[in-house]
Amino acid sequence: NAGVTQTPKFQVLKTGQSMTLQCAQDMNHNSMYWYRQDPGMGLRLIYYSASEGTTDKGEVPNGYNVSRLNKREFSLRLESAAPSQTSVYFCASSRRPGQVDDEQFFGPGTRLTVL
Amino acid sequence: AQSVTQLDSHVSVSEGTPVLLRCNYSSSYSPSLFWYVQHPNKGLQLLLKYTSAATLVKGINGFEAEFKKSETSFHLTKPSAHMSDAAEYFCVVSDQIRTGRRALTFGSGTRLQVQP
């Protein structure tokens with residue numbers, strides 16, 4: 001099992017460029033999540049998908065869109081990148097959202113710099 | 001609304017000495033609590049979790065945490081630090097925000113440094 005995988009690992013963009021971050025999980029989990037991590041702060045939820053075919057906004061969704069392509073894959077798109085989106089992005093998945101013992105499994109992250 | 005406060009942004013200990021990383025939380029309902037560890041340039045790994053069973057929770061690599069409802073605390077401890085424990089540690093609270101949906105709130109993290 002690879003767990004949660006993310007591509008790319010690193011990316012540098014210019015302001016206004018677009019890109020898509022890819023995430024896949026092989027644990028047959030129902031729910032998937034996108035977070036961003038900024039210095040001195042914990043992770044903040046951008047978007048999540050409770051199950052295949054559904055997506056919902058998290059705490060900081062502005063400037064992002066997502067697609068739950070199938071049960072395995074959940075992509076995050078930046079349509080017009082801004083320097084404020086410079087961050088480390090983590091994808092996560094979990095089996096039983098809504099259950100008290102539900103654990104999220106995290107990918108290795110994508111380090112994005114917007115110039 | 002739920003929140004998490006990690007009381008120390010940096011903790012430095014000597015190898016072989018005890019580790020204490022402090023976490024206080026607030027929650028409207030009965031929360032679940034987690035500690036995650038993040039080694040440099042890596043993703044987050046679950047250390048342990050509290051889900052309303054035993055208040056003293058044992059995790060991986062010798063870590064444990066005690067849930068104290070009266071103090072709204074969930075401090076992480078380890079009797080003897082190892083060099084490989086140097087990492088960033090996140091306290092996380094999970095609370096139900098609506099039927100079938102729980103939200104995670106992360107603390108800002110504590111960077112643990114282990115001196116030889």
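The values are calculated or read from the model by the stated rules, or taken from the named source; none is laboratory data. Keep in mind the model is a prediction, meaning the values are calculated, not measured. Glycine gets a Cβ as well: all are built from the backbone with ideal geometry, and neighbour counts include every protein chain shown. When the accessible area is computed, the model is the full protein with side chains, heavy atoms only, and any ligands, DNA or RNA have been set aside. Shrake-Rupley method; radii C 1.70, N 1.55, O 1.52, S 1.80 Å.
Between the amide H of A:LEU13 and those of A:THR113, A:VAL114, A:LEU115, distances stay under 5 Å, these residues lying 5 or more places away or on another chain, with hydrogens modeled in the peptide plane. Under the simplified labelling scheme, the B:SER52-A:ASN1 pair shows an inter-label distance of 2.6 nm, with each label point 7 Å from Cα along Cα→Cβ.
Compared with the direct C-alpha span, the chain from A:SER80 to A:GLN22 gains 19.2 nm at full extension, assuming 0.36 nm per residue.
Amide H contacts of A:ARG96 (H built 1.01 Å from N, in plane; Pro and chain starts excluded): A:GLU103 sit under 5 Å, all sequence-distant by 5 or more or on other chains.
The simple spin-label model puts a point 7 Å past each Cα toward its Cβ; for A:ASN62 and B:ILE97 those points are separated by 1.7 nm.
DSSP loop (so not H, G, I, E, B), at most 16 other Cβ within 10 Å: list which GluC sites (Glu not before Pro) in region B:1-94 pass both filters. Can you show the working numbers first?
Working: sites: B:GLU15, B:GLU64, B:GLU66, B:GLU71, B:GLU88; in loops: B:GLU15, B:GLU71.
Taking region B:1-94 and a limit of 16 other Cβ atoms within 10 Å, the loop GluC sites (Glu not before Pro) found are B:GLU15, B:GLU71.
Of the whole protein surface, B:HIS10 contributes about 130 Å² of accessible area at a 1.4 Å probe radius. Using the Cβ-Cβ distance between A:THR15 and B:LYS42 with R0 set to 35 Å, the FRET efficiency works out to roughly 0.75.
Applying the Karplus relation 6.51 cos²θ - 1.76 cosθ + 1.60 with θ = phi - 60° to region B:54-64 yields 3J(HN,Hα) values of 4, 6, 9, 10, 9, x, 7, 6, x, 7, 8 Hz, where x marks Gly and Pro.
For chain B, the spherically averaged projection of the C-alpha convex hull amounts to 7.2 nm².
Kirkwood Rh, chain A, all Cα pairs: how many Å?
Numbers: mean 1/r = 0.0711 Å⁻¹.
Answer for chain A: a Kirkwood hydrodynamic radius of 14.1 Å.
Evaluating 6.51 cos²θ - 1.76 cosθ + 1.60 at θ = phi - 60° for every residue in region A:71-77, the Karplus couplings come out as 5, 7, 10, 9, 10, 10, 10 Hz, glycine and proline recorded as x.
Here the Karplus relation 6.51 cos²θ - 1.76 cosθ + 1.60, evaluated at θ = phi - 60°, turns the backbone of region A:98-112 into coupling constants of x, 8, 5, 9, 5, 10, 9, 10, 10, x, x, x, 10, 8, 10 Hz, with x for every Gly and Pro. Temperature 25 °C, viscosity 0.890 mPa s: under these conditions the Stokes-Einstein estimate for region A:17-74, based on its Kirkwood radius over C-alpha pairs, is 203 µm² per second. Under 21 Å of direct C-alpha separation, and excluding same-chain neighbours fewer than eight residues apart, B:LYS42 reaches these lysines: A:LYS9. Computed over the protein assembly as shown, the quotient of the alpha carbon radius of gyration and 2.2 N^0.38 Å is 1.01. For B:LEU47, which sequence-distant residues (separation of 5 or more, or a different chain) have an amide H within less than 5 Å of its own amide H, given hydrogens modelled in the peptide plane? Answer set, sorted by chain and number: B:TRP35, B:TYR36, B:VAL37.
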